[in-house]
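Report on one structure; see the data block that follows.
The values are calculated or read from the model by the stated rules, or taken from the named source; none is laboratory data. Being a predicted model, the structure only gives us computed values, none of them experimental. Here the Cβ positions follow ideal geometry from the backbone for every residue, glycine too, while neighbour counts run over all protein chains shown.
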Amino acid sequence: MKLAIIGTRGYPYVYSGYETFVSELAVRLVADNIKVTVYCHKNLFSDRPKEVNGIRLKYFPTVETKSLSQLIHSFQCMIHACLSSFDIILVVNSANGPFGLISRIFGKRTAINVDGLEWLRPKWKGLGAKYFYLASKVATKLYDFIINDSEAMREFYLREFQVDSTVIAYGANIRHSKRPELIQKWGLASREYYLIVGRLIPDNNADVIVAEFVKSTTQKKLVIVGDVPYEDEYANKIKSTNDERVIFTGYVRDQELLAELYHNCFAYFHGHQYGGTNPTLLKALAYGSAVLALDTVFTQEMLKQGEYGAFFTKNAGDLQKKIEEYDVSEEMLEDYRTKSRERIVQNYTWEKITEEYIALFNKMMVK
């Protein structure tokens, strides 16, 4: 079986959930004797080997603009893949929905991982939001299989577009603390801080979490890992918070250091509002964190309706109250820490995800 993967920045480059997904999945597919080719953004790679870890690589240039670089790249890659001998083309990102027309014209078997409700995210306004909605709708008409990463997302697509989809989640790798002393870089001690990890964008609701934390009486710190790579009023407002308990680390690219921040936090705040199976929340579970998540249909599913984490709302005072309650009685949080990795073993191992993709690909081969 020959498989092409289109829609990420490439391999082994890792920037977002898409690249993490490809890096974990592709290696396992190759181990199962599937010939995998990943299409890469040429400008991101100074070295351009034809193969890494058994994964074949194709490089195409693009125009570096925030909105169009991926679309221009995917358009070229789809044409090349359709002119090649691939049996199956796997596309990620619903923005690439219209390119299913190309594969349909060439008679190629295709699947697209649509990954979330991009048109609802505050960062996409006006034309951007309209494009994502239409691209997602078009994808349901042009691709042979639609892949969603959660049952809640599958139900949304059923209601909105009247199309069923295959549910295959993302995965995570279980890890335990190895070097807890690393967190001393910021003067931190184990279990003496809350943690936020993610870009400082409106749909991650860091502003809500920070505001509630600042109002609370907790003596613990709040560590915020992440930023945005551009000048931004929303992010700047959060970073201007005047409270000695709040620590901004910026981006933490050392994965071992980031892991220790997860391992040793008192609790991890998850404020992501849109999307299905969130990789950051999976990582928190896989690393043994106690999770306090914004209450959405997606976090309810991931945390199994509260069995593996607690919830907060955006209502004023709700999170403040919970912080103060957990500060003086952390038995529930300790229970979450003890069993958090169980949730990964149950449903979110990369081995399980790979098996589900292989089953889908085998189904697609039967025309």
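Data table
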{"quantity": "Filtered residues of the stretch 307-322 (kept if of a type in the set (A, V, I, L, M) and in a loop (DSSP other than H, G, I, E, B))", "calculated": "316"}
{"quantity": "Helices (runs of 4 or more DSSP H) (entirely within the stretch 1-106) containing at least 1 residues that are of a type in the set (S, T, N, Q) and closer than 19 Å to residue 135 by Cα", "calculated": "69-82, 100-106"}
{"quantity": "Residues (surrounded by 22 or more Cβ atoms within 10 Å (Cβ to Cβ) and assigned to a helix (DSSP H, G or I)) located in the stretch 137-155", "calculated": "139, 153"}
{"quantity": "Every residue from the stretch 107-126 that is surrounded by fewer than 22 Cβ atoms within 10 Å (Cβ to Cβ) and part of a strand (DSSP E or B)", "calculated": "109"}
{"quantity": "Helices (runs of 4 or more DSSP H) contained entirely in the stretch 166-274, each with at least 2 residues that are without any contact (Cβ under 8 Å) to a residue 12 or more places away in the chain, assigned by TED's automatic domain parsing to the domain that holds residue 323 and surrounded by fewer than 18 Cβ atoms within 10 Å (Cβ to Cβ)", "calculated": "233-239"}
{"quantity": "Residue match in the stretch 323-333 (condition: of a type outside the set (Lys, Arg), part of a loop (DSSP other than H, G, I, E, B), surrounded by fewer than 16 Cβ atoms within 10 Å (Cβ to Cβ) and modelled with pLDDT of 95 or more)", "calculated": "no"}
{"quantity": "Breaking point among (1) farther than 18 Å from residue 152 by Cβ; (2) assigned to a loop (DSSP other than H, G, I, E, B); (3) without any contact (Cβ under 8 Å) to a residue 40 or more places away in the chain, for residue 289", "calculated": "(3)"}
{"quantity": "Pairs with Cβ under 7 Å, 6+ apart, first in the stretch 292-315 and under 10 Å from residue 273 (Cα atoms) and among the polar types (S, T, N, Q), second at pLDDT 95 or above and in a strand (DSSP E or B)", "calculated": "299/270; 299/293; 299/311"}
{"quantity": "Count of the stretch 265-287 residues which are within 20 Å of residue 327 (Cβ to Cβ) and touching a Phe, Trp or Tyr at 6+ places or on another chain (Cβ under 8 Å)", "calculated": "6"}
{"quantity": "Check on residue 208, of a type in the set (A, V, I, L, M) and within 22 Å of the chain's Cα centre (by Cα)", "calculated": "yes"}
{"quantity": "Condition check for residue 75: touching a Cys at 6+ places or on another chain (Cβ under 8 Å) and over 30 Å from residue 285 (Cβ atoms)", "calculated": "no"}
{"quantity": "Enumeration of residues in the stretch 127-136 that are surrounded by 17 or more Cβ atoms within 10 Å (Cβ to Cβ) and in contact (Cβ under 8 Å) with a residue 40 or more places away in the chain", "calculated": "135, 136"}
{"quantity": "Condition met for residue 291 (touching a Phe, Trp or Tyr at 6+ places or on another chain (Cβ under 7 Å) and among the β-branched types (Val, Ile, Thr))", "calculated": "yes"}
{"quantity": "Failed item in (1) touching a Gly at 6+ places or on another chain (Cβ under 6 Å); (2) buried (at least 20 other Cβ atoms within 10 Å of the Cβ); (3) not aromatic (Phe, Trp, Tyr), with residue 30 passing the rest", "calculated": "(2)"}
{"quantity": "Members of the stretch 246-269 found to be at pLDDT 95 or above and either farther than 21 Å from residue 186 by Cα or of a type in the set (Gly, Ala, Ser) (or both), listed by number", "calculated": "259, 267"}
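A quick yes/no check of all residues on (1) out of contact with any Lys or Arg (no Cβ under 9 Å at 6 or more places or on another chain); (2) among the β-branched types (Val, Ile, Thr):
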residue	(1), (2)
127	yes, no
140	yes, yes
148	no, no
155	yes, no
163	no, yes
172	no, no
178	yes, no
186	no, no
196	yes, yes
